Amino acid sequence: MKTTLNILWKDVLIEWRTRSRTVALLSFAYTILLLFAFAIGPDSAALRQHAGAYLWLGLLLSSTLLLDSSMRIEFEAGAISKLLLAPVSAPGLFYGKAIANTIQLWIIGAVSVPMVFVVCDATVVESSGWLALTLALGAAGLAAPGTLYSAMIARLSGKQLLLPLMLFPLVVPVIVSAVKATSLVMMGDPMNQIGSWLALLLCFNLVYWGLCGVLFGRVVEA
Amino acid sequence: MKANWEIGVGLFGLILLIWAHYTGLFVAPPEAMMGDVGRILYAHVPTAWVGLSTYLVAFIAAVGAIWSGKWAWDAMVEASVEVGLLLNALLLIQGSLWAKPTWGVYWTWDPRLTTCAIMVVAFGVVLALRRQIEEPMRRLTMSSIATIIAFVNVPIVYLSVKWWRTLHQPYSSPETVDSAMVTPLRVAAFGMLFLATGFVVRRWRQVHRQLKAEVQAPDLPDAPSPLAVED
Amino acid sequence: MTGMIQGGWEFVWAVYGITWAGLFFYALHLFRSERDQ
C-alpha cells in the first residue's frame, strides 16, 4: 500500500514538474478529434450521434502513447531492477503506475469532453454524473491491462508495434461499454441502459485490476 | 517418423470425421430452415467446440507453466495455441460463409463471429510474442501471461458484444438440432476432437524437444588426457 | 422466415473445402517440420 502511494506520488511529481507529456497527449487527442470531424465531413447529425465514439477513440489512441512513455521511465538505465531490489513489492509498483496512468487518462478525458462538445455540437441529456463515472471506469479499464502490457513490451526492448495489437482484444469490451454509455448520456437513455453498461465496465475493471496486479511481478522479475 | 499413440488417435479422429461429413453431406436430411446450407453445421459446430476446448487447454498449460516453470507446460502452450488458432481461423471463415446465405451478408457483428475475430488477434499475439522473445524463461513467462489474459477475456468480450448487439436487433441462430442430425454431428465432434488431440500432442513433442535442446548446456569438451609424467 | 432456403451448395462446398484444406495443410506442415528436426 505504501509502495503504491510512493510510486503514485513519484509519477505525479515527475509529470507535474514538466507537464510536457500531458500537453503532448492533449494536443494528440485534440488532433485526433479534428481528424475525425474532417473525415466525417460537415454532417452535423453524424458528428453529434457518434461524439461518444470519437471521444473514446481519441482516448484510446492517446493511451497507447501514454502507456509506452510512462513505462519507459521505469526501464531507463535499469531503474526497475534497482527499484525491485529495494523492498518494493511488484504489485505495489503495478498499482502505483496503473493509478498514475488512470489519473493521466482522466485528465485527458476531462479536457477532451468539452472539446468533443464543441467540435461535434453535442450536449448532455442525462445527468453528467453518469458521464464522469463512465470516464472514470473507462480510463481505469484501459490503464490496468495497458500498464501490464507496456511493462512486457518495455522488456522486449522497444517492440512498440506490439502494444496496440496486444491491447486491442482487451480493449473491445471497454470501448463498446464506454462508447455506449457515453452516447446514451449524450443522446438520451429512454430504456435505462446506462447502468448495465457501467456494470460491465465495473466487472471488467475488477477482473483486470486484480489479475494484472498478480501477474505484474512475473513480468518484471524475468 | 515415430509412431506414437497420438498418430493412432489422430487417424481414428480422421476416420470419424470423414464418416460424419459424408453422412452429413449426402445422407442426413436438409435442415428445416436453412435447407442444404444447414449442412455446414457438421463442420462448423465441431470446429467451434474443439477450438474453444483447445484454447482451454492452452489456458491450463499457461497457468501450469507460470506455476512450475517447466518446459513441458511451455511446449503445451505453444502447441495448443497453434492448433487453437488454426481452428479459430477456420471457424471465422466458416462462420462468414454460413452467414452469407443465411443472413445475406458475409459479416454481421454477430456476437459469436465478432468474438471469434477478436480471439484470433488475442491468441495470435501469443505466438508473435513467442517468435520475438529469444530468452527461454522470459518467453515462457510472457507468452503464458498473454495466454491467460486472452482466455479470461473471451467471455467478457462475448458478453459485451452480445449486449451491444441485442440492443440493436435480435439475431437468431439454430439452437436445437433435429434428431436425424445429432448422430453425424456428435461423431464429427469426436472426430474433430481426436484429430485435434493428435495435432496438439504431436506438435507438443516437437516443441518440447526444441525447448529442451535450447536450454541444454553445450557438451563439455573431452577430458584432457592426464599429463604425461616426464621420465 | 419465408421457408426453407433453397440451394446454397456452393457455400457448403466452400466451407468443407476450406476446412479440409486447412486441416490437411496443417498436418503436412507438422510432418514436414518433423522431418527437418
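The values are calculated or read from the model by the stated rules, or taken from the named source; none is laboratory data. On a predicted model such as this, the values are computed, not experimentally measured, just so you know. Note that each Cβ is placed from the backbone with ideal geometry, even for glycine, and that neighbours are counted across all protein chains shown.
Below are the figures for this structure:
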item: Residue match in region A:124-138 (condition: over 30 Å from B:Thr147 (Cβ atoms), surrounded by 23 or more Cβ atoms within 10 Å (Cβ to Cβ), over 13 Å from the mean Cα position of the chain (by Cα) and more than 14 Å from chain B (Cβ to nearest Cβ)); result: no
item: Of all residues making up region B:38-64, the number that are farther than 17 Å from B:Phe194 by Cα and modelled with pLDDT under 95; result: 4
item: Lone qualifier among A:Ser89, A:Ser81, A:Ser27, A:Ser63 - being of a type in the set (Ser, Thr, Tyr) and under 20 Å from A:Thr182 (Cα atoms); result: A:Ser63
item: Members of region B:92-130 found to be surrounded by 20 or more Cβ atoms within 10 Å (Cβ to Cβ) and either touching a Cys at 6+ places or on another chain (Cβ under 8 Å) or β-branched (Val, Ile, Thr) (or both), listed by number; result: B:Gly95, B:Thr102, B:Thr114, B:Thr115, B:Ile118, B:Val125, B:Val126
item: Output for region B:11-39, where each listed residue is within 7 Å of chain C (Cβ to nearest Cβ) and in contact with a Leu (Cβ under 7 Å, 6 or more places away or on another chain); result: B:Arg39
item: The listed residue being within 25 Å of A:Arg48 (Cβ to Cβ), polar (S, T, N, Q) and part of a helix (DSSP H, G or I), out of A:Thr102, A:Thr182; result: A:Thr182
item: Of all residues making up region A:185-204, the number that are assigned to a helix (DSSP H, G or I), surrounded by fewer than 20 Cβ atoms within 10 Å (Cβ to Cβ) and more than 8 Å from chain B (Cβ to nearest Cβ); result: 4
item: Residue in region A:151-165 that is of a type in the set (D, E, K, R), more than 10 Å from every other protein chain (Cβ to nearest Cβ), surrounded by 15 or more Cβ atoms within 10 Å (Cβ to Cβ) and more than 17 Å from the chain's Cα centre (by Cα) present; result: no
item: Close pairs (9 angstrom Cβ cut-off, 6 or more residues apart or separate chains): facing chain B (nearest Cβ under 9 Å) in region C:22-37, among the polar types (S, T, N, Q) and in a helix (DSSP H, G or I) anywhere; result: C:Leu30/B:Gln206; C:Ser33/B:Gln206; C:Glu34/B:Gln206; C:Gln37/B:Gln206; C:Gln37/B:Gln210
item: Unique residue being under 30 Å from C:Arg35 (Cβ atoms) and more than 9 Å from chain C (Cβ to nearest Cβ) when the list is B:Thr54, B:Thr47; result: B:Thr54
item: Filter pass, A:Val179 being farther than 28 Å from A:Arg218 by Cα and either surrounded by fewer than 19 Cβ atoms within 10 Å (Cβ to Cβ) or within 11 Å of another protein chain (Cβ to nearest Cβ) (or both); result: yes
item: Exclusive hit being outside any helix (DSSP H, G or I) and either within 13 Å of the chain's Cα centre (by Cα) or of a type outside the set (Asp, Glu) (or both), set B:Tyr106, B:Tyr42, B:Tyr55; result: B:Tyr106
item: Failed condition for B:Ile133, given (1) at pLDDT below 90; (2) at the interface with chain A (Cβ under 9 Å from one of its Cβ atoms); (3) surrounded by fewer than 18 Cβ atoms within 10 Å (Cβ to Cβ); result: (3)
item: Criterion (surrounded by fewer than 18 Cβ atoms within 10 Å (Cβ to Cβ), modelled with pLDDT of 85 or more and among the hydrophobic types (A, V, I, L, M, F, W, C)) met by exactly one of A:Ala77, A:Ala100, A:Ala51, A:Ala39; result: A:Ala39
item: Leading residue by the ranking (farthest from B:Leu113 (Cα to Cα)) among those in region B:136-168 that are facing chain A (nearest Cβ under 7 Å) and among the polar types (S, T, N, Q); result: B:Thr141
item: Lone qualifier among A:Leu131, A:Leu148 - being in contact with a Cys (Cβ under 8 Å, 6 or more places away or on another chain) and in contact (Cβ under 8 Å) with a residue 24 or more places away in the chain; result: A:Leu148
item: Qualifying residue in region A:3-23 (condition: among the small types (Gly, Ala, Ser) and either modelled with pLDDT of 85 or more or in a loop (DSSP other than H, G, I, E, B) (or both)); result: no
item: Cβ pairs under 8 Å, 6+ apart, first in region A:40-64 and more than 15 Å from A:Ala122 (Cβ to Cβ), second of a type in the set (Phe, Trp, Tyr) and surrounded by fewer than 18 Cβ atoms within 10 Å (Cβ to Cβ); result: A:Leu61/A:Phe28; A:Ser62/A:Phe28
